[in-house]
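A.B. asks: Below you'll find the structure I mean.
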Amino acid sequence: MYTVTNYQSKKAVKEALKNGEVIRCYQPGPFGPDCPDGSHCFEGPHYPKPHRFYFTGITEGGILKKIVN
């Protein structure tokens, strides 16, 4: 799962969430683009750059609501 905004670090995602930004998410490839409600593994930055961070997040209505770890 990815965030629509191409954050370069987990810290940047946390800061955006803390500042009240709406962080939309999507699933690339044949299984997406929907972001169903629930717990998902996120990765970044976006492909083709190598992924440097991962986290588990809770989504509702296609929006990241909480970072679990």
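The values are calculated or read from the model by the stated rules, or taken from the named source; none is laboratory data. Every value quoted in this text rests on a predicted model; they were computed, and no experiment measured them. Cβ sites come from the backbone with ideal geometry, for glycine too, and all protein chains shown count toward neighbours.
A.B. asks: Test of understanding: among Gly62, Gly29, which residue is surrounded by 13 or more Cβ atoms within 10 Å (Cβ to Cβ) and modelled with pLDDT under 95?
C.D. replies: Criteria check complete, one pass: Gly62.
A.B. asks: So the check is Cβ under 8 Å with 6+ separation or different chains; which pairs have a first residue in the stretch 1-17 that's farther than 22 Å from Asp37 by Cβ and a second one that's buried (at least 16 other Cβ atoms within 10 Å of the Cβ)?
C.D. replies: Asn6/Gly44; Asn6/Pro45; Gln8/Gly44; Gln8/Pro45; Ser9/Gly44
A.B. asks: Could you tell me which of the residues Phe55, Phe42 is in contact (Cβ under 8 Å) with a residue 12 or more places away in the chain and under 14 Å from Val4 (Cβ atoms)? Write out each step before concluding.
C.D. replies: On the way: Phe55 fails: under 14 Å from Val4 (Cβ atoms).
Answer to the selection: Phe42.
A.B. asks: I've got another one for you. Has the stretch 1-18 got at least one residue that is exposed (fewer than 13 other Cβ atoms within 10 Å of the Cβ), touching a Ser or Thr at 6+ places or on another chain (Cβ under 8 Å) and modelled with pLDDT of 95 or more?
C.D. replies: Looking through the stretch 1-18, none of the residues is exposed (fewer than 13 other Cβ atoms within 10 Å of the Cβ), touching a Ser or Thr at 6+ places or on another chain (Cβ under 8 Å) and modelled with pLDDT of 95 or more.
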